[in-house]
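Trainee: Here you go, one structure.
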Amino acid sequence: MKKSIPSSKIAKISTILGLDFGEAKIGVAIADEETKIAFAFDTLANDREFLKNLKEIVGCENVKTIVIGVPTFKANNEIHAAKKFGKRIAQALKIKVEYEEEMFTTKMAQDNIKKRGKKNIAKSDDQEAARIILQSWLDKSGSDK
């Protein structure tokens, strides 16, 4: 049997990260380009170590694109903060950054967690919100991206 990819050249599927930006915490979700299904991944502190931690995830997970939720329904200063955050990531990690509407994602995330019967909702609502943001972007990427 002939393999389409020699074992010495294993195909790597690129992944996409979704981020739910917050002043204190940043939710992280992950999906691959093949299945286009987003999964909650982690919650990182928005501190001095954030870029270092994000760079580690980007390297380990073969990330090619980062999608950041932008609150277009809120005050202009929040939109500016999210875009500034995205620009900082793009420059520091030399990676493609895109933006996705995040209207009510935290509320949807909390509802999803409650429906699953989980306790301590605040512990995982950021990463669930990131999953919702990323899945929304993935769903659109098949049609207009």
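The values are calculated or read from the model by the stated rules, or taken from the named source; none is laboratory data. Only a predicted model underlies this, so the values are computations on that prediction, with no experimental measurement involved. Because the Cβ atoms are built from the backbone with ideal geometry, glycine has one as well, and the counts that use them run over all protein chains shown.
Trainee: What is the residue count in segment 37-60 for residues that are over 15 Å from residue 89 (Cα atoms) and within 14 Å of the chain's Cα centre (by Cα)?
Mentor: Going through segment 37-60 one residue at a time, the tally reaches 7.
Trainee: I'm checking my understanding of the structure. Among residues of segment 90-107 that are in a helix (DSSP H, G or I) and surrounded by fewer than 16 Cβ atoms within 10 Å (Cβ to Cβ), which one is modelled with the lowest pLDDT?
Mentor: 107
Trainee: Ok, one more. Identify, from the list 8, 4, the residue that is at pLDDT below 75, over 14 Å from residue 127 (Cβ atoms), out of contact with any strand residue (DSSP E or B) (no Cβ under 6 Å at 6 or more places or on another chain) and not in a helix (DSSP H, G or I).
Mentor: One residue alone meets the criteria, 4.
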